Amino acid sequence: MVIAFSFGDLADLALAVFLVAVGVGLGWAFLRLAVTFDRLSSLIRGTEREVLPVINKVGGSVDRVNAQLDKLDTATDSAVDAVGAVDEAVRSVSFAVKRPVQKLAGFSAGVSHGWASLRARRGFSASMAEAKEASARREHDLEEELKATTSRD
């Protein structure tokens, strides 16, 4: 028996060996790729198990902080309302007290100037006129001082 072997048969044999080697190489690469994907999948599952509870806790914390901020907003609104009410009360009291204080200051200035004039000139009617003028001047000055003070605020 003679075995006839030609170059065509040799080329077929070489091609078969090459394809088997490529197949084994691709099989090995796909096996390594499958192991890598398995590890990646395991990493993703572990990350989900670890991170999702943390995200849920953070969400709950944010909700609680928002609730506290809502309470603080209400308290701040109440404080602003209270300050407004106090401001209004102070303005009312200062307006009610302003005129009597002006009159008292004018009276005090009038008596002081009138007495000084009476002692200096010994004339009652001239002393009364000077007292009334000093009283009016002091009331006017006090009014100007109050206007200047409130315009600065």
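The values are calculated or read from the model by the stated rules, or taken from the named source; none is laboratory data. Keep in mind that what you see is a predicted model, and the values were worked out from it rather than measured. Please note: Cβ atoms are built from the backbone with ideal geometry, for glycine as well, and neighbour counts cover all protein chains shown. The accessibility values were calculated without ligands, DNA or RNA, using every heavy atom of the protein model including side chains. Shrake-Rupley method; radii C 1.70, N 1.55, O 1.52, S 1.80 Å.
Please specify each residue of segment 104-126 satisfying the condition of being among the aromatic types (F, W, Y) and more than 19 Å from E143 (Cα to Cα). Matches in segment 104-126: W115, F124.
Evaluation of K57 against the conditions (1) at pLDDT 85 or above; (2) loosely packed, with under 10 Cβ neighbours inside 10 Å shows that the sole unmet condition is (2).
In segment 95-110, the residues that are over 15 Å from E145 (Cβ atoms) form Cβ pairs under 7 Å with partners that are at pLDDT 75 or above and small (G, A, S), at six or more places apart or across chains, as follows: F107/S135; G110/A131; G110/A134; G110/S135. None of G123, G114 is buried (at least 17 other Cβ atoms within 10 Å of the Cβ) and not acidic (D, E) except G114. When segment 78-92 is filtered for residues that are more than 30 Å from the chain's Cα centre (by Cα) and open to solvent by 90 Å² or more (accessible area, probe 1.4 Å), only R91 remains.
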